Amino acid sequence: MSFKEISPKINIDAIKMLGHLNSEQQEKKLQRDKELEAIIKGEDDRLLLIIGPCSSDNEEAVLEYARRLAKLQETVKDKIFMVMRVYTAKPRTNGDGYKGLIHEPDADGHTDLINGIKMVRDLHYKVITETGLTTADEMLYPENLPMVDDLVSYHAIGARSVENQQHRFVASGIDVPTGLKNPTSGNLKVMFNGIYAAQQSQDFLFGRAEVQTSGNPLAHAILRGGQDENGKYHPNYYTDNLLDTIEIYEKMGLKNPFIVIDTNHDNSGKKFMEQIRIVRQTLVNRDWDDKIRQNVRGFMIESYLEDGRQDKPEVFGKSITDPCLGWDKTEALVQEIYEAENKNN
């Protein structure tokens, strides 16, 4: 066993000069970041949507989606705040399969991490500067955070990472909202232990130095369902699940209780059309229970240009990982959420 260096050491400062926001662009991003923070803190009652492709595998398709989403955001901005999923690193259960843009810039099975890093920054930069949207990404590799932390406005810690101490500790030093998912087992205690750790100050080694973090009060819960040892899905977006989650928040006294419903993955059984029903049911729950309305204030929706998924990148704007809602259904769903929020205010 060995580690073999196959590239020169990465210069983080040089990487950050690629896709570097100018002062005007930084100011616009900062304004949206402040709005997002206010939503997490409950100072702004708009619904949060973390929405976009399961994986950002094709720059042209992702930017086309971003342009459409930016126009849609403008029409619903008084009730809905959208952060676009630009997910560039994908967890693989057994290590096989497409691992994201950072691994495979051309989605052709050929690994090129150095160019992948450059393309990741370039894609986030283009979405931000060409559309005015801000972006979310999954923090699959905590050590890569310094390469994108100036561009990404929302970090997600996935079901396979949430129990990992490095992910939790690094999350405690992030200065933007960070959503922690429940693990694939559905165990809420694991997720809440992660949120607790992320909200505290931590001391550890990071970037070849001893660091101390401030704690991240914007760390919060993402419910994505679970799967048991027999492969049976156990959704956790139902009324009792939400009330149980809120009760744990209250007992632990965590800052800024905020719950995002992941409408795909084990909640939907990866049946992408179920996302519509899950959103509708959650909106009904919000209407019927003030406590749910107060705490459940976000959705994570997997959406792309075309419905479903494909094994190879042959159809433009169709997912090559988890199946997604196509654009027409996405637009209709966002409008439905908007109309529901208008009726209640």
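Condition first: modelled with pLDDT under 85, farther than 25 Å from Asp328 by Cα, crowded, with 20+ Cβ neighbours inside 10 Å and of a type outside the set (Lys, Arg). Can you find one or more residues in the stretch 105-112 that meet it? Looking through the stretch 105-112, at least one residue is modelled with pLDDT under 85, farther than 25 Å from Asp328 by Cα, crowded, with 20+ Cβ neighbours inside 10 Å and of a type outside the set (Lys, Arg).
Against the test of being without any contact (Cβ under 8 Å) to a residue 24 or more places away in the chain and surrounded by fewer than 19 Cβ atoms within 10 Å (Cβ to Cβ), the options Lys329, Lys343, Lys318, Lys291 yield a single qualifying residue, Lys343. Taking the stretch 18-38 as the range and being in a loop (DSSP other than H, G, I, E, B) and loosely packed, with under 10 Cβ neighbours inside 10 Å as the test, only Asn22 passes.
Take the residues in the stretch 52-104 that are among the polar types (S, T, N, Q) and closer than 22 Å to Gly308 by Cβ; name whichever of them is modelled with the lowest pLDDT. Outline the logic, then answer.
As a first pass, look at the stretch 52-104 and keep what is among the polar types (S, T, N, Q): 55-56, 58, 73, 75, 88, 93-94.
Those still in the list that are closer than 22 Å to Gly308 by Cβ too: 55-56, 58, 88, 93.
Working: Ser55: 94, Ser56: 93, Asn58: 93, Thr88: 93, Thr93: 76.
For the stretch 52-104, the residue satisfying everything is Thr93.
Report every pair of residues separated by at least 6 positions or lying on different chains whose Cβ atoms are under 8 Å apart, first residue within the stretch 91-102 and farther than 18 Å from Gly116 by Cα, second surrounded by 14 or more Cβ atoms within 10 Å (Cβ to Cβ). Note: pairs meeting the criteria are Thr93/Arg160.
Output the residue which, of all residues in the stretch 1-17 that are part of a loop (DSSP other than H, G, I, E, B) and among the charged types (D, E, K, R), is nearest to the chain's Cα centre (by Cα). Spell out how you get there, then give the answer.
Here is the first cut: in the stretch 1-17, the ones part of a loop (DSSP other than H, G, I, E, B) are 1-11, 17.
Pick out the ones that are also among the charged types (D, E, K, R) and you get 4-5, 9.
On the way: Lys4: 32, Glu5: 31, Lys9: 29 Å.
Among those that are part of a loop (DSSP other than H, G, I, E, B) and among the charged types (D, E, K, R), it is Lys9.
Scanning the stretch 69-83 for residues that are out of contact with any Phe, Trp or Tyr (no Cβ under 6 Å at 6 or more places or on another chain) and in a helix (DSSP H, G or I), which turns out surrounded by the most Cβ atoms within 10 Å (Cβ to Cβ)? Going through the qualifying residues, I end up with Leu69.
Could you identify the single residue in Gly194, Gly173, Gly116 that is outside any helix (DSSP H, G or I), of a type outside the set (A, V, I, L, M, F, W, C) and crowded, with 19+ Cβ neighbours inside 10 Å? Break it down into steps so the answer makes sense when it comes.
On the way: Gly194 fails: outside any helix (DSSP H, G or I); Gly116 fails: outside any helix (DSSP H, G or I).
Sole residue among the options that is outside any helix (DSSP H, G or I), of a type outside the set (A, V, I, L, M, F, W, C) and crowded, with 19+ Cβ neighbours inside 10 Å: Gly173.
With respect to the conditions (1) surrounded by 22 or more Cβ atoms within 10 Å (Cβ to Cβ); (2) out of contact with any strand residue (DSSP E or B) (no Cβ under 9 Å at 6 or more places or on another chain); (3) at pLDDT 95 or above, Thr129 lacks only one, and its number is (1).
Could you list all residues from the stretch 197-232 that are in a loop (DSSP other than H, G, I, E, B) and charged (D, E, K, R)? Scanning the stretch 197-232 gives Arg208, Arg224, Asp228, Glu229, Lys232. Could you grab me the full set of residues in the stretch 210-238 that are in contact with an Asp or Glu (Cβ under 7 Å, 6 or more places away or on another chain) and among the polar types (S, T, N, Q)? Residues satisfying the conditions are Gln212, Gln227.
The values are calculated or read from the model by the stated rules, or taken from the named source; none is laboratory data. Quick caveat, the model's predicted, so the values are computed rather than measured. Don't worry about glycine lacking a Cβ; one is built from the backbone with ideal geometry, like all the others, and counts go over all protein chains shown.
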